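One structure is given below, encoded as structure tokens.
The values are calculated or read from the model by the stated rules, or taken from the named source; none is laboratory data. Not measured: the values here are computed from a predicted model. Using ideal geometry, Cβ is built from the backbone for each residue, glycine included, and neighbour counts are taken over all protein chains shown. Just the protein is used for accessible areas: all its heavy atoms, side chains included, with ligands, DNA and RNA removed. Shrake-Rupley method; radii C 1.70, N 1.55, O 1.52, S 1.80 Å.
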Amino acid sequence: MTPAATSPALRTADLVTDSGERCSMATILAISGSPSAISRTQGVLHHVERRLRDDGHTVTSLAVRELPAVPLLAGDKTDPAIRAVVDEIAAADALVVATPIYKAAYTGLLKALLDLLPQYAFAEKSVLPLATGGTTAHVLAIDYALRPVLTSLGTAHVAQGYFVLDRFLTAAGADEIVIDRAAGAALFDIVDRFSSSLRAHRSLAPAG
């Protein structure tokens with residue numbers, strides 16, 4: 001997997017660091033491609049969203065399963081909900097794309113969304129791919145299945161992704177997943193590097 005890199009265009013509010021540097025924090029859209037209402041993938045994504053928010057970024061969430069099914073599957077770009085999603089993606093500085101892996105591939109639900117996007121919908125954006133699955137045989141699905149389609153959408157850089165095995169995820173309520181300590185540490189290391197790369201690229205001259 002390739003190390004994380006920066007997005008060339010971030011357009012969000014500035015923060016001032018302790019050293020007096022002004023840093024522009026990113027607007028990030030977190031996309032869940034899980035078809036399930038109660039989902040390990042969604043639970044992992046919630047942890048990632050919180051981590052990024054704690055680092056100062058603005059994060060919004062999109063569960064593809066909540067989009068209207070008929071226009072999504074028909075690729076109807078005139079539908080108001082579909083248009084709103086396309087606009088939301090266009091406005092984001094960076095994306096987190098999370099999916100369960102079924103039969104060595106990302107979900108058909110996520111594919112339906114990606115297929116209806118404009119050709120270069122991810123241009124000038126960094127994308128962090130995440131996946132969950134039940135077997136180590138699917139670990140490379142991020143690189144061999146998901147990364148190529150993200151790249152085809154014009155992504156400035158597909159950051160180093162992370163695959164979480166289902167056995168490291170434990171349900172702790174209707175909407176909460178507990179991540180195994182070691183797996184969580186590895187995941188958050190990837191997320192922190194992604195966050196730092198977004199922040200560092202927009203470091204501005206010292207204030208004043």
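Worth a mention:
- Net charge over other residues, Cβ less than 12 angstrom from the Cβ of T135 (K, R count +1; D, E count -1): +1
- Of V96, T135, L153, farthest towards positive along the dipole that unit charges on Lys, Arg, Asp, Glu beta carbons give the stretch 93-208: L153
- H138 accessible area, assembled protein chains, probe 1.4 Å, Å²: 40
- Gyration tensor (Cα) of the stretch 67-208, equivalent ellipsoid semi-axes in angstrom: 25, 24, 15
- Rolling a 1.4 Å probe across the protein heavy atoms gives the stretch 102-147 an accessible surface of 44 Å² per residue.
- Within the shell of other residues whose beta carbon sits under 14 angstrom from the beta carbon of E176, the net charge comes to 0, with Lys and Arg scored +1 and Asp and Glu -1.
- For the stretch 99-159, alpha-carbon Rg relative to the globular expectation (2.2 N^0.38 Å, N residues): 1.10
- Protein accessible area in the stretch 41-158, 1.4 Å probe - carbon and sulfur %: 56
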